[in-house]
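The values are calculated or read from the model by the stated rules, or taken from the named source; none is laboratory data. Keep in mind the model is a prediction, meaning the values are calculated, not measured. Cβ placement follows ideal geometry from the backbone for every residue including glycine, while neighbour counts extend to all protein chains displayed. Calculation scope for accessible area: heavy atoms of the full protein, side chains included, ligands and nucleic acids excluded. Shrake-Rupley method; radii C 1.70, N 1.55, O 1.52, S 1.80 Å.
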Amino acid sequence: MSSPLALIVDDEPDIRELLELTLGRMNIDTRSAANLAQARELLASENFELCLTDMRLPDGNGLELVEFIQQRQPDLPVAVITAHGSMETAIQALKIGAFDFVSKPVDLNVLRNLVNGALRLGGFPARDRRSRDTLLGDSAIMQTIRHTIAKLARSQAPVYISGESGTGKELVARLIHAKGPRNEQPFVPVNCGAIPSELMESEFFGHRKGSFTGATADKEGLFQAADGGTLFLDEVAELPLSMQVKLLRAIQEKAVRPVGGQKEQAVDVRILSATHKNLSRLVEEGAFRQDLFYRINVIELKVPSLRQRREDIPRLAAHILSRLAPGDQAIRLGAEALDALQRYAFPGNVRELENILERALTLCDGEEIQPADLALPDSSELPPVADDDLAAAPPEGVPLEEYLENIERKAILNALEQTGNNKTAAAKLLGITFRAMRYRLKKLGLE
């Protein structure tokens, strides 16, 4: 079996020699170029499995080479070598298609991890494989999402997954992880809104025995648990500003220091994040740091609402029913019930569809679910939702704040009804934290 072949592009002979020696010890053959012109000639004459390029070159820069390779050999992973502290340049490289980056002075352990990850991509061609079994739907928008997921899986760029509550953002994150070179390493999801603020630093970075009251033993944090794999920050908008600063440093330095520890520990973690909130608006309001937003939002992937892909409802419903109903019961959706579902607004998206069908299975007497079994809320009880996801204006003479409070009140009451008045489950259904749920109940006089 032939050794992998890597292209090294750098105008400094010492750096080229260091990279050649490091890769040579990993049984990787190398070819070297001192500038863009030589790199293009080598790319035209040989087949490479990896390209490492410096950012500053005599006849251009590494970004030009990334774009050149993206246009001609999009399956070839390219990593850029940046000057220390040049995070903006690194992010720009990731945005245009670089696999990853490494900062000078080059940490050889970081470099080896990067190289190994890039070479594993040979077994993960950018094809839309098997996604239909887990991310269902044949609508055009879902075909685009699956193609994008396959492409993002080949990169190490941080991805910000946006979308309404209940659309399947964690499922998308799991697929990005599963289709990439880290798939054999841990996928660690964390709900940022579920961790008490005083415990956040310890939960994320770990702690040393005796570092605070109750720290009876050393404990690893979420970053250490995800080392080599993917850390999924769900509801990242819930992070307090004090924690956002520490998270930013951990992401930029690729290292964490446990509470009570004296030394930083290097961690190799890919960051995926998500929230149903408008993160850009929170940045404008000063509730979320702009530098952290810039760092985690290298690439944004918008997960569509169920209203935007109504044609997928029949297949989704059939899949959910087959999972919920025992194998010996052939319960199906009647035509009228299916029509009612396709006309429904689904403010809770796929998660709400699952809840509705689970309830319908309980209420259904025969082998066919009827509209009454669905127990859909009357349209007058729901806030109007248009296909373009813009809410209708309030009726004439009704103040906007009163109108919005009425919508919020009805949504909360509906969630409480669906969950048997379980506030924790209702908060999860609405995509908010339990703390936020209690605040809204008190504000709206529903306690």
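Where helices (runs of 4 or more DSSP H) fall entirely within the stretch 1-116, those with at least 1 residues that are touching a Lys or Arg at 6+ places or on another chain (Cβ under 6 Å) are at 36-45. Residues in the stretch 17-51 that are acidic (Asp, Glu), over 18 Å from Phe99 (Cα atoms) and open to solvent by 60 Å² or more (accessible area, probe 1.4 Å): Glu17, Glu20, Asp29, Glu41. Mind checking which residues of the stretch 360-370 are surrounded by 15 or more Cβ atoms within 10 Å (Cβ to Cβ) and in a helix (DSSP H, G or I)? Within the stretch 360-370, Ala360, Leu361 meet the criteria.
Filter the stretch 281-298 for residues that are of a type in the set (Val, Ile, Thr) and free of Cβ contacts under 8 Å to residues at least 24 places away in the same chain and give the result. Val283, the sole residue that qualifies.
Any idea how many residues of the stretch 225-235 are among the hydrophobic types (A, V, I, L, M, F, W, C), open to solvent by less than 30 Å² (accessible area, probe 1.4 Å) and either more than 17 Å from the chain's Cα centre (by Cα) or farther than 19 Å from Leu279 by Cβ (or both)?
1
Taking each residue of the stretch 221-233 that is without any contact (Cβ under 8 Å) to a residue 12 or more places away in the chain and closer than 13 Å to Glu203 by Cα and looking for partners that are open to solvent by 10 Å² or more (accessible area, probe 1.4 Å) and not in a strand (DSSP E or B) with beta-carbon atoms closer than 6 Å, six or more apart or interchain, yields nothing.
Do we have Glu184 as open to solvent by 20 Å² or more (accessible area, probe 1.4 Å), closer than 15 Å to Lys302 by Cα and part of a loop (DSSP other than H, G, I, E, B) here? No.
Counting only residues that are open to solvent by less than 40 Å² (accessible area, probe 1.4 Å) and under 18 Å from Ser273 (Cβ atoms), the stretch 189-224 holds 10 of them.
In the stretch 299-343, the qualifying residues are those that are among the basic types (Lys, Arg) and free of Cβ contacts under 8 Å to residues at least 12 places away in the same chain, and the one that is most open to solvent (accessible area, probe 1.4 Å) is Arg343.
Which condition does Gly166 not pass, out of (1) assigned to a loop (DSSP other than H, G, I, E, B); (2) open to solvent by less than 20 Å² (accessible area, probe 1.4 Å); (3) touching an Asp or Glu at 6+ places or on another chain (Cβ under 8 Å); (4) farther than 21 Å from Gly431 by Cα, if it passes all the others? Failing condition for Gly166: (4). For the stretch 1-16, residues that are at pLDDT 95 or above and either farther than 20 Å from Ala118 by Cα or open to solvent by 80 Å² or more (accessible area, probe 1.4 Å) (or both) total 0. Scanning the stretch 236-259 for residues that are outside any helix (DSSP H, G or I) and open to solvent by less than 20 Å² (accessible area, probe 1.4 Å) yields Leu239, Ala255, Val256, Pro258.
Number of residues in the stretch 331-377 that are farther than 20 Å from Pro304 by Cβ, out of contact with any Asp or Glu (no Cβ under 9 Å at 6 or more places or on another chain) and among the basic types (Lys, Arg) equals 0.
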